[in-house]
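Undergrad: If you scroll down you'll find the structure; I have some questions about it.
Computed from the coordinates by the stated procedures, all read-outs in this text should not be read as laboratory data. Predicted model, so just to flag it, every value in this text is computed and none were measured. Counting neighbours? That spans all protein chains shown, and the Cβs are built from the backbone with ideal geometry, glycine included.
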Amino acid sequence: MEESKVPFREGAVNLLKTSGPQSLLSLAREFKVTVEGARFQMLRLEKEGLVTSSKTVTGRGRPQQLWSLTSMGQSRFPDTHAALTVKLMEVMKELLGEGAVSQLITANGEKGTHKYLKELEGVSDLEKRIHSFVSIRTKEGYMAQVIKDEEGFIFIENHCPIGAAAHANPAICSAEFKTLQTVMGENVPIKRIEYIVDGGRRCAYRISSAKS
C-alpha cells in the first residue's frame with residue numbers, strides 16, 4: 001500500500017481545518033492507513049488537546065464518531081500579529097475616537113483592494129479571476145479555495161489570519177466584503193453564506209454570474 005506523502009499529524013489537522021469534521025474511515029482513506037491506525041493517531045492528537053470527537057446520528061444507522069479541531073487546534077493556524085493589532089486598535093479608539101479607527105480600517109481596505117486590482121489586471125473572465133484571487137489569498141494565509149456548481153461559485157476562506165482583530169471590530173469584515181465585491185466586479189452578485197465571526201468554521205461567499 002502506498003504511504004501518504006503528508007505526515008498523518010500535519011495532514012489530519014489541515015484536513016479538519018479545510019474540510020470540517022471527519023470520520024475515522026475518511027481519515028484512514030485520505031492518508032492510506034488502517035482505521036485502527038487512524039484511531040491511534042487521532043487519540044494522540046486528542047491527548048495533546050488538538051482534536052476532539054463527538055457522535056452524530058445520520059439516517060437510521062448507528063451513531064457516527066466525527067473528529068474536529070479544538071480551539072487549541074484552531075490556534076495552530078496563524079492569526080497575524082493578533083494581540084498587537086487588537087491592542088493598537090483599542091489604544092487608537094481611546095486616544096482618537098471610533099472615527100479614527102473606522103478611517104484606518106477603510107484606508108487599509110482601499111489599499112488592499114488597489115493591490116488586488118493591480119495583480120488581477122487583465123483577468124476579465126470571472127472564473128479565472130476567482131481562481132487567481134484564491135491563489136493570492138492563500139499566499140496571505142487565508143487557506144482559500146473555490147467550488148464551482150450549477151449556481152456559480154462558492155469562494156471559501158478556511159482560515160482568517162486577522163481573526164482576532166475582526167472579532168474586536170466587525171467593521172474589518174465589512175471592509176473585507178467590500179474588497180471582494182470590488183475585486184470581482186460591482187455587477188457580480190455576492191452573498192456571504194458562512195461567517196467565522198458568527199461562530200462558523202470558515203467564511204464562505206456565494207458568487208453568481210454577473211448581471212446582464
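Undergrad: If each residue of separation counts as 0.36 nm, what is the full-extension length gain between Ala107 and Thr56 once their alpha-carbon separation is subtracted? Write out the running numbers ahead of the final one.
TA: Working: separation 51, 0.36 × 51 = 18.36 nm, distance 4.53 nm.
13.8 nm is the gain from fully extending Ala107 to Thr56.
Undergrad: Right, something else. So which residue, out of Glu176, Glu121, Glu194, gets the largest mean-square fluctuation from a GNM of the chain using Cα contacts under 10 Å as springs?
TA: Glu121
Undergrad: Now for a different question. What is the angle, in °, between the Cα long axis of helix 98-119 and the longest principal axis of the Cα atoms in the chain? Nearest 10 is fine, range 0 to 90.
TA: 80
Undergrad: Ok, one more. Please go through the residue pairs Lys55/Lys128; Lys32/Lys139; Lys55/Lys87 and name each one whose alpha carbons sit more than 31 Å apart in this structure.
TA: Pairs exceeding 31 Å: Lys55/Lys128; Lys55/Lys87.
Undergrad: Helix 171-184 versus the longest principal axis of the chain: what angle, 0 to 90°, nearest 10, using Cα atoms?
TA: It works out to around 90 degrees.
Undergrad: Set the Förster distance to 22 Å, then compute FRET efficiency between Ser135 and Tyr195 from the Cβ-Cβ distance, nearest 0.05.
TA: Efficiency computed from Cβ-Cβ geometry: 0.45.
Undergrad: Give the calculated FRET efficiency between Arg206 and Leu43 to the nearest 0.05, with a Förster radius of 30 Å applied to their Cβ-Cβ distance.
TA: With R0 = 30 Å, the Cβ-Cβ based efficiency is 0.20.
Undergrad: How large is ³J(HN,Hα) for each residue in region 185-192, as worked out from phi by the Karplus curve 6.51 cos²θ - 1.76 cosθ + 1.60 (θ = phi - 60°), to whole Hz, x for Gly and Pro?
TA: Coupling constants for region 185-192: x, 4, 8, 9, x, 10, 9, 6 Hz.
Undergrad: Pulled fully out, how much extra length does the chain show between Leu95 and Thr70, if you take 0.36 nm times their separation in residues and subtract their Cα-Cα distance? If you can, show how the numbers build up before the last one.
TA: Working: separation 25, 0.36 × 25 = 9.00 nm, distance 3.65 nm.
Here the segment from Leu95 to Thr70 would lengthen by 5.3 nm.
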